[in-house]
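One structure is given below, encoded as structure tokens.
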Amino acid sequence: MGKLKAVLELPLELYRNRRLILKLSKNDFKTRYAGSYLGIIWAFIQPIVTILVYWFVFEKGLKAGGVLTKEGIEVTFVLWLSAGLIPWFFFSEALNNATNALLEYSYLVKKVVFKISILPIIKIISALFVHVFFVVFLLILCACYGYYPQWYTLQVLYYSFCMFIFVLALSYATSAIVIFFRDLSQIINIILQIGMWVTPIMWQVSILSEDVQKIFKLNPMYYIVDGYRQSLFYKEWFWEHPWMTLYFWVLTGIVFIIGAVIFKRLKPHFADVL
């Protein structure tokens, strides 16, 4: 009963404080680069430079060709790459920032009346502002190459929502644990570096045997990255892959329950440690 209460309590607190969350998220986004000459422009420069570097290395240096869809249409490599990198940028930034949210806002954690459970989602929404820009950028880039928005494109909203909920579920556990185990931040950075290569972002999972493919598809970010590409190029609906969809949401639900319980149990000790 106590675990069920912990799980239900978090969504209710987020809903009740939705206006405060949005206000603090906007403020967090604006102040993140305060004091620098280019300000929030830095939030967009690094991802663009990263995409250009990978594009140059793989397409120009390693001569990576386009990717064929099931209809036999070749997708330009830079589009295929961008459709994988852009959701990964959001996931990695949101997870990193949300993990350290309680540490960064330690002065709020020590306030008895403040609902500290809203801090991780503030960081995630702050990262979402940048993600929205890059989704629009990706749609414009696709249009330049002749891939105009269709009904399938609306699924980008669904997969963005999937990623938002998944990283929120993860962050409740990581943001609570990192207060007692500060090395977790560095461990997450290493996992994200490895994860970008384990997730088929710059290579196709189809090059592997079917048995090995099943292992790689257990990575929940595979569902997201492949979903973006389905929405933009492959023209497939998410319900055409029912088992992958069911697996993702069951896993996300389990992670959320575990994170909520961990957060609830460690919450009384946050102020003491900080």
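Annotations for the structure displayed:
- Contour minus Cα-Cα distance for Ala143 and Arg182 (0.36 nm per residue): 9.6 nm
- For the pair Leu20 and Asp211, label points projected 7 Å from Cα toward Cβ lie 5.4 nm apart.
- In the assembled protein chains, His269 presents an accessible area of approximately 90 Å² (probe radius 1.4 Å).
- Among Phe248, Phe58, Phe233: highest mean-square fluctuation, GNM of the chain, C-alpha pairs under 10 Å: Phe58
- The calculated FRET efficiency for Trp237 paired with Leu108, based on their beta-carbon distance and R0 = 41 Å, is about 0.45.
- Both radii come from the Cα set of the stretch 166-222: Rg as radius of gyration, Rh as Kirkwood radius; their ratio Rg/Rh reads 1.09.
- Kirkwood-type radius of the chain, with distances r between different C-alpha atoms, in Å: 19.9
- Simple label model, 7 Å out from Cα along Cβ direction - Lys267 to Leu192, nm: 2.6
- Rounded to the nearest 10 degrees, the angle from helix 42-55 to the longest Cα principal axis of the chain is 30 degrees.
- Per residue accessible area of the chain, 1.4 Å probe, in Å²: 53
- Using θ = phi - 60° and Karplus 6.51 cos²θ - 1.76 cosθ + 1.60, couplings along the stretch 125-142 (whole Hz; Gly, Pro as x): 5, 4, 5, 5, 4, 5, 4, 4, 4, 6, 5, 5, 4, 5, 5, 5, 4, 5
- GNM result for the chain, Cα springs below 10 Å: residue of Val49, Val135, Val78 fluctuating most strongly: Val49
- Two-decimal log10 I(q)/I(0) for the stretch 116-156, as the Debye equation yields it once each C-alpha is a single scatterer, q = 0.17, 0.20, 0.33 Å⁻¹: -0.57, -0.67, -1.05
- Rg over Rh for the stretch 137-249 works out to 1.02, using Cα positions for both radii and the Kirkwood form for Rh.
- Spin-label proximity, Trp151 to the stretch 232-274 - amide N less than 14 Å from point 7 Å beyond Cα toward beta carbon: 235-240
- The residue among Phe129, Pro268, Leu168 whose Cα reaches farthest toward the positive pole of the charge dipole of the chain, with charges on the beta-carbon of Lys, Arg, Asp and Glu, is Pro268.
The values are calculated or read from the model by the stated rules, or taken from the named source; none is laboratory data. Here the structure is a predicted model, which is why all the values come from computation and not from measurement. Virtual Cβ from ideal backbone geometry, glycine too; neighbours counted across all protein chains shown. Accessible surface areas use protein heavy atoms only, side chains included; no ligands, DNA or RNA. Shrake-Rupley method; radii C 1.70, N 1.55, O 1.52, S 1.80 Å.
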